[in-house]
Amino acid sequence: QKDMLANMFYLQEHYEEVVMILLIDVTDIRTIEKELMNARDSAERTAKAKSDFLANMSHEIRTPLNAIIGMTKIARKSENTLKIKEYLAKIDNSSNHLLTIINDILDLSKIDSGKFELYEEDFDIEYVLSNIMNIILVKTEEKNHILDVKIKNNVPKYFHGDLIRLTQVIMNLLSNAVKFTPHNGKIKLELEMENIKNDKAVIKFSVTDNGIGISKEQMSKIFMAFEQADGSITKRFGGTGLGLSISKKIVEMMGGEITVKSELGKGSIFSFTASIKALENKNKNILPPNRAQSLKIMTADNDADSACYLADILKNHGMETELAQDGFGIIIKTRQAICEDKPYDIIFISENIYGMNIVDIVRMIKQAGAQTKIIVISKYGYGEKEEELRNEGINEFLQKPFFSSNVINIISRVTGINAAAQANSEKFPYIFPDKTIMLVEDIEINREIIINLLSSTKVNIVSAENGRQAVDMYKSNPERFDLILMDIQMPEMDGYTAARTIRSCGMPDAEKIPILALTANAFDDDIDNAFLSGMNGHLTKPINEDKIIKILAQYFSPGEKYEYTEENISDTKVPGEDEEIDISGGIKSLGGNEELYFSLLKNFSQETLIDELVSAAEKKDMAEAKLKAHSLKGIAANLSMTKLYESSKTLEAEIKAGVVTDETGASFIKLKKDYLLTINRVKSILKNRKK
């Protein structure tokens with residue numbers, strides 16, 4: 001361009017008329033202009049999406065908040081107990097909805113700041129899905145949905161990965177399916193293993209529904225932050241538009257991808273893959289094979305898919321099953337089997353079997369002289385009617401959707417076959433008779449549980465009842481202890497302070513002795529605080545026998561390989577038999593020690609923690625009330641008291657957040673109610689056991 005200008009000036013000086021043609025390459029300029037326009041358009045779209053999101057979010061937050069505030073005012077004015085319970089239930093629902101919104105916002109913030117991380121641990125996939133179903137079933141029951149879960153035979157049972165984030169993705173997809181599927185619809189969750197890559201299993205999760213569906217245009221936006229399929233979705237169904245965006249990020253961090261197939265009015269299939277390390281399962285058949293093969297079983301279910309899935313589960317455990325299509329078929333086959341002197345050991349009967357009432361079927365089976373065990377397959381359970389039906393001869397209830405472990409455990413109970421015996425006999429033994437542990441725990445029941453869980457290791461255990469006592473014991477004889485198990489929330493001195501005090505006391509090996517946090521809290525902040533205070537690890541309650549022994553082995557027998565068995569899973573238990581107390585799960589968490597479990601139940605019935613909690617709240621000493629709620633949460637976790645655990649956990653969190661300031665709080669009232677239900681159930685269990 002400089003040369004061109006120079007020539008132009010030269011021509012102007014020497015000639016009167018000059019025709020000038022100036023050629024300039026503007027390709028780069030046009031490209032930059034186009035890029036700037038695209039960036040501007042993108043920024044405007046993002047700004048609009050965020051603006052729409054903020055407007056929607058304001059509405060989403062205000063809606064449950066207004067309900068909470070309004071219902072609280074109404075409840076305070078009412079003297080009708082039933083009405084107050086109704087208001088509290090609505091407050092509870094609105095609070096949980098608000099919490100979900102806040103969690104989504106926090107997750108999005110972590111993603112934007114690059115602080116969104118995965119935390120890996122061992123887990124049982126069936127137990128994880130059982131917990132998800134317990135939550136989702138409440139929603140599906142309201143809309144009378146059919147909910148099926150199918151796990152292909154090639155899917156391992158135990159994994160090592162981030163179960164919290166995996167649960168979050170599955171919950172999001174299932175919740176969306178429930179939200180966008182009309183009443184009487186059908187939803188199905190399927191799991192299958194696609195392949196093995198670098199010692200990790202690639203598992204495909206699919207959620208299918210026959211809901212409203214999504215158009216091709218809408219599908220291009222659903223995985224974007226701040227977006228929903230269209231603006232009307234927010235008005236019709238609610239939601240923030242963050243769930244799928246966050247789920248996509250989680251799935252990508254797990255080495256997978258998320259996809260959707262859908263058509264308007266014909267439902268959707270959301271699928272995602274995740275690459276997760278599978279743990280070896282040496283005891284796939286947890287019933288002794290010779291006993292399993294000897295069982296004669298019949299299944300009767302109107303739902304062909306459900307019947308085939310149950311038959312597959314039984315077949316995979318060495319049991320063959322015969323099918324019946326209606327009540328009359330059950331009676332005919334039962335009588336024929338008796339005549340051939342080969343009666344059925346177990347009959348699974350769907351609650352809505354064609355042709356006859358279940359009670360009539362059971363009566364006719366008993367009248368025929370059969371000693372057959374009857375297991376009723378129900379959609380949502382029978383609740384208070386279960387006892388009445390048991391009196392009619394029904395032995396157990398299997399709630400849909402069911403899993404392999406549920407089926408085998410229920411067979412074990414009704415037949416008396418010890419399903420755990422085979423697995424327990426193969427546990428890898430660890431003995432530490434030359435080691436001494438200091439157990440710092442202020443609740444006697446929790447101390448007793450841990451002492452019994454570790455009894456097989458022959459390890460020496462010395463107990464301290466609070467942090468102050470632990471510090472004094474360590475200072476008086478530091479060489480005595482090889483490891484410290486430290487509860488966190490205790491009177492006089494908490495676990496964090498005790499750990500810091502021990503680390504800085506200047507005694508021999510004070511900076512090296514392993515200190516493990518022992519708490520019912522499992523949030524990121526709790527784990528971070530444990531390490532910041534000088535602790536080496538973090539164990540959550542309820543403590544699983546195999547997990548704690550494995551942890552001790554890492555410190556006392558480094559280098560040895562720990563064998564995983566059927567019982568060797570991380571803080572898991574079998575889904576319960578009962579709404580208030582999961583007896584089988586509680587016994588399992590104690591290493592199968594049934595006598596110990598019922599002994600601890602008896603001790604619990606004499607506990608005064610609830611009285612101390614009430615007294616502290618009446619005095620508005622919320623710090624003490626929070627400590628008592630935490631202690632109650634720990635006991636409930638260890639004894640598998642499901643309702644009491646959840647309400648204690650909620651109350652503790654709300655006291656900490658300043659939401660509950662005295663005994664009139666909704667969460668406080670719910671805790672007292674759940675405690676009463678639990679203690680009555682405990683007394684009933686102990687009374688029946690004596691009989």
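The values are calculated or read from the model by the stated rules, or taken from the named source; none is laboratory data. Since the model is a prediction, treat every value here as computed from it, not as a measurement. Because the Cβ atoms are built from the backbone with ideal geometry, glycine has one as well, and the counts that use them run over all protein chains shown. The area values use the complete protein model at the heavy-atom level, side chains included, leaving out ligands, DNA and RNA. Shrake-Rupley method; radii C 1.70, N 1.55, O 1.52, S 1.80 Å.
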Given a Förster distance of 41 angstrom, what is the FRET efficiency for SER615 paired with SER294, based on the Cβ-Cβ distance and rounded to 0.05? 0.10
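Determine the gain in length on full extension of the stretch THR81-GLU257; use 0.36 nm per residue of separation and subtract their C-alpha separation, reporting nm with one decimal.
That pair, THR81 and GLU257, stretches by 58.4 nm at full extension.
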Distance check, please: which entries in LYS204/LYS261; LYS458/LYS541; LYS400/LYS672; LYS150/LYS673 exceed 25 angstrom between their Cα atoms? LYS400/LYS672; LYS150/LYS673
Label 7 Å along Cα→Cβ of LYS266; the range 183-210 residues with amide nitrogen under 16 Å? 208-210
Only residues of the range 456-477 count here: report those whose backbone N is under 13 Å from the spot 7 Å along Cα→Cβ of SER599, or say none. 456
Can you compute the modelled spin-label distance between THR167 and ASN154, with each label point 7 Å from Cα toward Cβ, in nm? 2.9 nm
Low-density loop positions, chymotrypsin sites (Phe, Trp or Tyr not before Pro), the range 440-523 - DSSP coil, at most 13 other Cβ in 10 Å: PHE523
Arranged from highest to lowest average of other beta-carbon atoms within 10 Å per residue, in what order do the peptides 623-632, 660-669 appear? 623-632, 660-669
Residue farthest toward the positive end of the dipole of the range 635-691, with Cβ of Lys/Arg at +1 and Asp/Glu at -1: which of SER647, THR661, LEU686? LEU686
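Contact order normalised by length for the range 124-212, with contacts defined as Cα pairs under 8 Å and 6 or more residues apart; what percent is it? Before the final figure, lay out the partial values.
Values: 122 pairs, mean separation 28.6, N = 89.
Over the range 124-212, the number comes to 32 percent.
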In nm, what is the difference between 0.36 nm times the number of residues separating LEU99 and ASN352 and their Cα-Cα distance? 87.4 nm
Between ALA89 and ASN680, Cβ-based FRET efficiency (R0 22 Å, step 0.05) works out to 0.60
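In nm, what is the difference between 0.36 nm times the number of residues separating ARG390 and MET37 and their Cα-Cα distance? All intermediate terms of the calculation are to be shown ahead of the outcome.
Working: separation 353, 0.36 × 353 = 127.08 nm, distance 7.29 nm.
Extra length from ARG390 to MET37 when fully extended: 119.8 nm.
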Where LYS188, LYS633 fall by accessible area, highest first, once all protein chains stay in place (1.4 Å): LYS188, LYS633
